[in-house]
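This report refers to the structure that appears directly beneath it.
Read-outs: derived from the displayed coordinates by stated rules, not from any lab. Keep in mind the model is a prediction, meaning the values are calculated, not measured.
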């Protein structure tokens, strides 16, 4: 079996690169959605949500960089054009969302898709003992599950 420079099988690493590029594309759309929510949120919860959306987009920006660097580590090339992101993303594009509940619903829907994609990558990385990708996906999943729980708790808040 041929391996790459970090000792992982080449064919399976190429498949992981493809999956990571799909995740990268989805994260780029998620990031841009969060920026739009941050800019456009209105209402009595503006101050809290404006800050929360900034926290989330800053976090997603870090994750985008980690994903792209993992693609490079595995010997691939990270996608880097908007057309690639749109064609590979499964996320809904949030346009002109200014209401709090609608914004949180978009984030929850996006997190559900991101978690599904990350679990696919986690399984494939585990199959070839790719601990670097595995660890990254585990960290992402744990953080996003907690964010999901917190946002769901917010949605159940009585007004």
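To the nearest ten degrees, helix 100-127 and the longest principal axis of the Cα atoms of the chain are 10 degrees apart. So what's Rg/Rh here for the range 1-43, counting alpha carbon atoms and using the Kirkwood radius for Rh? On the Cα set of the range 1-43, Rg over Rh gives 1.37.
For the range 37-86, the normalised intensity computed at q = 0.17, 0.23, 0.29 Å⁻¹ comes to -0.66, -0.84, -1.01 (log10 of I(q)/I(0), Debye sum over alpha carbons, equal scatterers, no solvent). So how tilted is helix 10-40 from the main axis of the chain? Cα-based, degrees 0 to 90, rounded to 10. Between the helix axis and the principal axis of the chain, the angle is about 10 degrees. Over the chain, the pair-distance histogram of Cα-Cα distances with 5 Å bins from zero comes to 1, 9, 18, 21, 17, 13, 9, 6, 3, 2, 1, 0, 0 percent, rounded to whole numbers. Against the main long axis of the alpha-carbon atoms of the chain, helix 131-155 sits at an angle near 10°.
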